[in-house]
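These notes are about the structure you will find just below.
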Amino acid sequence: MKVKHRTQSGFTLIEILVVIVIIGIIAGLIVPNVVGRDDQAKVTAAQSDIRAIANALEMYRLDNNHYPSTEQGLEALASRPSGFPEPRNYNEQGYLRRLPRDPWGNEFIYINSGRSFELYSLGADGSEGGEGVDAEIHYRDL
């Protein structure tokens, strides 16, 4: 009669600890490089939205020979505005499906200066001034 020896397969505690240490070292090297990217992604998204809004403003101007007034605001790109100046050839589908907010949840600032316009986001802090992600993002700078 032969005696069969069963071999057990599995991981020892030391092997598991070595793997955990290796994962910790890798995470320690990678996480700091990835964490700061969220703010930069929001800045890039705000720049992209500003460009899209500016393109819609240009289409509005081409159709109506003027930009929406400051009072009509950016809402004029999503629905027909009232007031002066009246849009004579307004695209009934609008120029934007909806008016986006900046990545920090604030409205974009639009000011019609007659022949041109200012368009910007106040940045992460939602107020004038600031540096880095808190700085304003102006269309004229893009």
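The values are calculated or read from the model by the stated rules, or taken from the named source; none is laboratory data. Note that the structure is predicted; figures quoted are calculated from it, not measured. Don't worry about glycine lacking a Cβ; one is built from the backbone with ideal geometry, like all the others, and counts go over all protein chains shown. These area figures cover heavy atoms from the full protein model, side chains too; ligands, DNA and RNA do not enter into them. Shrake-Rupley method; radii C 1.70, N 1.55, O 1.52, S 1.80 Å.
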Exercise for the section: Working only within the range 47-60, note down all residues that are within 28 Å of ASP134 (Cβ to Cβ) and open to solvent by less than 70 Å² (accessible area, probe 1.4 Å). Expected result: GLN47, SER48, ASP49, ILE50, ALA52, ILE53, ALA54, ALA56, LEU57
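Could you tell me whether ILE30 is of a type in the set (A, V, I, L, M) and touching a Leu at 6+ places or on another chain (Cβ under 9 Å)?
The answer is no for ILE30.
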Problem - Residue that is nearest to PHE84 (Cα to Cα), among those in the range 126-141 that are open to solvent by 70 Å² or more (accessible area, probe 1.4 Å) and part of a loop (DSSP other than H, G, I, E, B) - result: GLU128
Problem - In the range 83-109, the residues that are more than 17 Å from the chain's Cα centre (by Cα) and open to solvent by less than 30 Å² (accessible area, probe 1.4 Å) - result: PRO85, PRO87, TYR90, GLY94
Practice task
Tally the residues that are of a type outside the set (Asp, Glu), assigned to a helix (DSSP H, G or I), farther than 30 Å from VAL133 by Cα and open to solvent by less than 70 Å² (accessible area, probe 1.4 Å), restricting the search to the range 61-82.
Solution key: 1
Practice task
Please enumerate the residues belonging to the range 37-46 that are surrounded by 14 or more Cβ atoms within 10 Å (Cβ to Cβ) and either of a type in the set (A, V, I, L, M, F, W, C) or modelled with pLDDT of 95 or more (or both).
Solution key: VAL43, ALA45, ALA46
